Amino acid sequence: MRVYLIGMPGSGKSTLGKKLAEAMQYAFVDLDTEIESSEGKSIPDIFEHDGEDYFRKIEKYILQKTTPDNTIIATGGGAPCFYDNMDFINNNGVSIFIDTPVKELASRVMKQIGDRPLLDGIENLEDMTRLLAGKREKRIGFYEQADIVLEDDQEIDITSLVQQVYNFDKQTAQE
């Protein structure tokens with residue numbers, strides 16, 4: 001089984017992914033790290049030198065290539081929203097959307113501004129909140145296709161999430 005974590009930048013996909021992987025005794029893969037390793041440069045450098053379209057094509061390729069069983073995969077925030085990535089995710093594993101309040105996302109992301117190319121030029125929390133709210137609105141239709149939705153403003157019980165993942169039955173969920 002594969003588990004894909006999706007959500008906005010700063011939603012905690014990598015943090016939760018590492019905890020979930022440890023609890024399930026699965027490998028953990030951060031899609032952005034895999035892209036950087038494959039390309040030999042950082043995500044901001046890829047955006048700057050090759051553009052977003054190139055990045056999204058590489059992202060799709062790495063997403064579809066990074067599919068070993070017993071793996072937790074933290075996707076980039078935009079990964080589910082391009083090409084047929086969300087269909088691929090849902091057809092190849094259990095997807096979990098970490099639904100984090102926009103104000104919390106903004107607070108977290110402000111600390112990482114230089115590492116996130118689509119957020120360049122943001123200088124204050126108010127602008128970040130507005131930008132992320134707009135991005136979330138565009139992406140929510142993809143995110144809501146996830147098999148499991150977690151409200152990040154609540155404490156996540158890893159043991160119960162593991163049980164939820166193991167017990168998830170796609171056939172029953174589609175009915």
Let me check against my output: what whole-number percent is the relative contact order of the chain, with C-alpha pairs under 8 Å and at least 6 apart? 32
Using only helices, what value at 222 nm comes out for the chain when you add -39,500 (n - 2.57) per DSSP H run of length 4 or more and divide by the total residues, to the nearest 500 deg cm²/dmol? -16000 deg cm²/dmol
Which entry in (1) 25, 19, 15; (2) 40, 16, 14; (3) 22, 20, 16 is this structure's computed semi-axes √(5λ) of the Cα gyration tensor in Å? (1)
Which length gain, in nm to one decimal place, applies between residue 157 and residue 144 when the Cα-Cα distance is subtracted from 0.36 nm times their residue separation? 2.6 nm
Length gained if residue 83 through residue 70 is fully extended, taking 0.36 nm per residue and subtracting the Cα-Cα distance, is 2.2 nm
Rounded to whole Hz, the Karplus (6.51, -1.76, 1.60) HN-Hα couplings of region 9-23, x for glycine and proline: x, x, 6, x, 4, 5, 4, 5, x, 5, 5, 5, 4, 5, 5
If packing is taken as the average count of other Cβ atoms within 10 Å, what order do 83-91, 37-45, 66-74 fall into, highest mean first? 66-74, 83-91, 37-45
On a straight-distance basis, which lysines could pair with residue 60 in a cross-link, Cα separation under 28 angstrom, same-chain partners fewer than 8 positions away excluded? 13, 18, 19, 41, 111, 135, 138, 170
With r defined as the distance between the Cβ atoms of residue 27 and residue 124 and R0 fixed at 30 Å, what FRET efficiency is calculated, to the nearest 0.05? 0.20
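Read-outs throughout are calculated quantities, based only on the coordinates presented, and are distinct from any laboratory measurement. Every value quoted in this text rests on a predicted model; they were computed, and no experiment measured them. Here the Cβ is made from the backbone with ideal geometry for all residues, glycine too, and neighbour counts use every protein chain on show.
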